[in-house]
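This report refers to the structure that appears directly beneath it.
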Amino acid sequence: MSDDDLLEKLQKEIRACHDCEERFGYFPHPIAFGKKEAKIMQISQAPSKLVHETLRPFNDPSGKRLREQWYQISDDVFYDPTCFYITSIAHCYPGKAKNGGDQKPPKHCADKWLAKEMACVENEVYILIGRYAAHYFFPKENFTEMIFEDHWLNGKPTFILPHPSPLNMRWFKMYPQFEAERMPKIAKRIKEILEIPYE
């Protein structure tokens, strides 16, 4: 079986997984997007409710901020499966929390699927989005400090981002240097990897 076939088989298994249906109280829709040759593997926390409904990753206000303001790339580039492999700690929308955000992504989902995905994808760089994604791989590190540092995961350069959710506005105001200084450097590296001219 070829590497492409292995990843396709794995993605079919992921999309057929309904382990959390009873826990969530609704029929889950696992999301895993991309091809083995994707240059960037993006791992976030969990799909949003809108992604759950549309089955299109980061098809929400958080995704719009991520693509347009932070990465400064087009939808066509972001959704090119040879550019980005898009997955998350929890592959399904985990439901709403009482504080207005989403429930904590169940760790067992990542334990079951994520290492297998990472073994199939030949990416050059990892991007981890949100506290849960960062702490899954770097559990003892300070999240905010990690955002302003470069890291290595499986021998590959790794960038850590705060979640681009509108609910994170307080953090953005506390750390304006992220959008002013740190993110432009990451965006430049993304464009270098994807061979997109940087303005």
Going through the stretch 71-91 in order, the residues found to be part of a loop (DSSP other than H, G, I, E, B), in contact with a Phe, Trp or Tyr (Cβ under 7 Å, 6 or more places away or on another chain) and not aliphatic (A, V, I, L, M) are Pro81, His91
Condition test on Asn154, is it at positive phi, out of contact with any Lys or Arg (no Cβ under 9 Å at 6 or more places or on another chain) and not hydrophobic (A, V, I, L, M, F, W, C)? yes
Considering only the stretch 123-179, state which residues are within 21 Å of Asp111 (Cα to Cα) and in a helix (DSSP H, G or I). Arg131, Tyr132, Ala133, Ala134, His135, Tyr136, Phe137, Phe143
Residues to consider are Pro57, Pro94, Pro47; find the one that is at pLDDT below 80 and either assigned to a loop (DSSP other than H, G, I, E, B) or of a type outside the set (A, V, I, L, M, F, W, C) (or both). Pro94
Name the residue, out of Ile129, Ile147, that is within 16 Å of the chain's Cα centre (by Cα) and under 22 Å from Asn59 (Cα atoms). Ile129
Farther than 30 Å from Lys188 by Cα and either assigned to a helix (DSSP H, G or I) or of a type in the set (Phe, Trp, Tyr) (or both): which single residue out of Glu22, Glu68 fits that description? Glu22
Could you grab me the full set of residues in the stretch 101-117 that are under 15 Å from the mean Cα position of the chain (by Cα), exposed (fewer than 15 other Cβ atoms within 10 Å of the Cβ) and more than 17 Å from Ser48 (Cα to Cα)? Ala115
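The values are calculated or read from the model by the stated rules, or taken from the named source; none is laboratory data. Quantities reported herein were computed from a predicted structural model and do not represent experimental measurements. Please note: Cβ atoms are built from the backbone with ideal geometry, for glycine as well, and neighbour counts cover all protein chains shown.
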